[in-house]
Amino acid sequence: MRNDKRLPDAELEVMQTIWSLGTQITAAEVQQHADKDWKMTSVLTFLSRLCDKGFLSCTKEGRQNLYTPLVSEKDYRQRESVGFLRRLCGGSVKNLVASLSDAGALTEQDIDELRAFLDRQTH
């Protein structure tokens, strides 16, 4: 399922937890593995919202619900990256890199890795 909605930070953290743990997960597993100390009611609210937005499906198995991602992490990351680049830098990768460089956020290692990545893409 294709979904063009951006996720709020908390819902994105839930999705990242689900993506890291596998294909089907319970609310208890989300709560246990999330980086935040969320109450179960909060976790259930996030999961319900993610289902409503089309990011997850929910199936009842016994006494618990199993949540399955409908959007892959790779697809979401690619879509968000392109959207971020368009919104912030007018679609220019050069402007993004220049901004990072001007802010002192790029190390020599970052630049070397970026150069090597670009070399691999063009050959």
Report summary line: Share of Cα-Cα pairs in the range 1-99 beyond 17 Å, whole percent, is 53
Query raised in the report: Once both axes come from the Cα atoms, what is the angle between helix 9-21 and the longest principal axis of the chain, in degrees from 0 to 90, rounded to 10?
Result: 80
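So what is the 222 nm mean residue ellipticity for the chain from helices alone, if each DSSP H run of at least 4 adds -39500 (n - 2.57) and you divide by all residues, rounding to the nearest 500 deg cm²/dmol? List each step's numbers first, then the result.
Numbers: 6 runs with 75 residues, N = 123.
Dividing the helical sum by the residues of the chain leaves -19000 deg cm²/dmol.
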Report task. Would you kindly derive the ³J(HN,Hα) couplings of the range 46-53 from the backbone phi angles with the Karplus curve 6.51 cos²θ - 1.76 cosθ + 1.60 (θ = phi - 60°), listing them in order in whole Hz, with x for Gly and Pro? Result -> 4, 4, 4, 5, 5, 5, 4, 7
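Counting trypsin sites (Lys or Arg not before Pro) as exposed when in a DSSP loop with at most 16 other beta carbons within 10 Å, what is the longest stretch of the chain free of them? Numbers along the way, then the final one.
Values: sites that count: Arg2, Lys5, Arg6, Lys36, Lys39, Lys53, Arg63.
Segment 64-123 is the longest.
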Query raised in the report: Once a ≥ b ≥ c are taken as the square roots of the eigenvalues of the Cα gyration tensor of the range 62-118, is the result rounded (a/c under 1.5), prolate (a/b larger than b/c) or oblate (a/b not larger than b/c)?
Result: prolate
Report task. Before anything else, pin down the relative contact order of the chain: Cα pairs under 8 Å, at least 6 apart, normalised by residue count, whole percent. Result -> 22
Query raised in the report: Hey, what angle do you get for helix 93-102 against the long axis of the chain, alpha-carbon based, 0 to 90 degrees rounded to 10?
Result: 80
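Values in this text are rule-based calculations from the coordinates and carry no lab data. Source: prediction; values computed, not measured. Using ideal geometry, Cβ is built from the backbone for each residue, glycine included, and neighbour counts are taken over all protein chains shown.
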